[in-house]
1. Just to be sure I understand the model, the point goes 7 Å from the Cα along the line to the Cβ. What's the resulting L156 to I144 distance in nm?
2. Please name whichever of H132, L38, A205 sits farthest to the positive end of the charge dipole of the chain, dipole taken about the Cα centre and charges placed at Cβ: Lys and Arg +1, Asp and Glu -1.
3. What distance in nm separates the simple spin-label points at W192 and W60, each placed 7 Å from Cα in the Cβ direction?
4. Can you tell me the equivalent ellipsoid semi-axes for segment 20-152? Use √(5λ) from the Cα gyration tensor, largest first, whole Å.
5. Quick check for me: using +1 on Lys/Arg Cβ and -1 on Asp/Glu Cβ, what's the dipole size of the chain about its Cα centre, in debye to the nearest 20?
6. Along segment 158-165, what does the Karplus equation 6.51 cos²θ - 1.76 cosθ + 1.60 (θ = phi - 60°) give for ³J(HN,Hα), rounded to whole Hz, x for Gly and Pro?
7. Any idea which of Q193, G121, I153 is furthest toward the positive side of the dipole for the chain, if Lys and Arg beta-carbons carry +1 and Asp and Glu beta-carbons -1?
8. Can you order the peptides 155-162, 88-95 by their average number of other Cβ atoms within 10 Å per residue, highest first?
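The values are calculated or read from the model by the stated rules, or taken from the named source; none is laboratory data. If you're wondering where the values come from, they're calculated on a predicted model, not measured in any experiment. Using ideal geometry, Cβ is built from the backbone for each residue, glycine included, and neighbour counts are taken over all protein chains shown. Note: accessible area is taken over every heavy atom of the protein model, side chains too, but ligands, DNA and RNA are not part of it. Shrake-Rupley method; radii C 1.70, N 1.55, O 1.52, S 1.80 Å.
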Amino acid sequence: DGSHTSSIALTAGVATYAAALWLGRRFVRVLAVMVPILFLTGPLTLEAIHLPAWIAARGWTINHSAAHRMIIWRYVTGKILEKPILGWGLQTARFLPDRENPPNDDPRYADIMGITNFAPGTKIELLPMHPHDATLHLLLELGIVGDVLYAAIYALCLLALLRAPLSRAALAGGAGLAVGIFVIAELSFSAWQSWWLSTQFTAVALYLAVACRGG
């Protein structure tokens, strides 16, 4: 859920800040390569390793929020494979056929349903509003072409940090901010949600104001 996502993002951002503060520019160069790669491959890799079977084999259960995301991601992955190059079109996630169907009696989602407990009467849709994952959202609506272009934004932002005359602490702060945004984007919110885009721009503007003043 949102609280877990924010906690994960904060942890990842602080860890990145500490690593960049220690290792400096070398670490940010690695991030400029690794973050785009993770953006392009992360969700599809999770699907490929059959995460629900891995969880079930250990006798674990997951909360309904995580399980619903896994259902959404599996549904979206199937739709992506139908139109992989250019996608279904911008803002089409809410209008896909059969997206409102429940997964309860669908054998494609039986393994996920088996590792969680939804409260009685809970309305579960295959895709309520958006994929809750920026990678899958871009792949779904804009295909591989859009996904690669979006991943390039992460690389360009991190490379821009290396080009700017920043102190070591400011450089580390920028790297931590980029990773925090990446984590939230991969677990929550629509990629096109106006307030989420505004939040990102505001965070970057505040960072630049502080970093350049202290720079």
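1. Inter-label distance under the simple model: 2.2 nm.
2. Value computed over the given set: A205.
3. 3.5 nm
4. Sorted largest first and rounded, they come to 29, 21, 12 Å.
5. 920 debye
6. Per residue, the Karplus-derived 3J(HN,Hα) values read 5, 5, 5, 4, 5, 7, 7, x Hz.
7. I153
8. 155-162, 88-95
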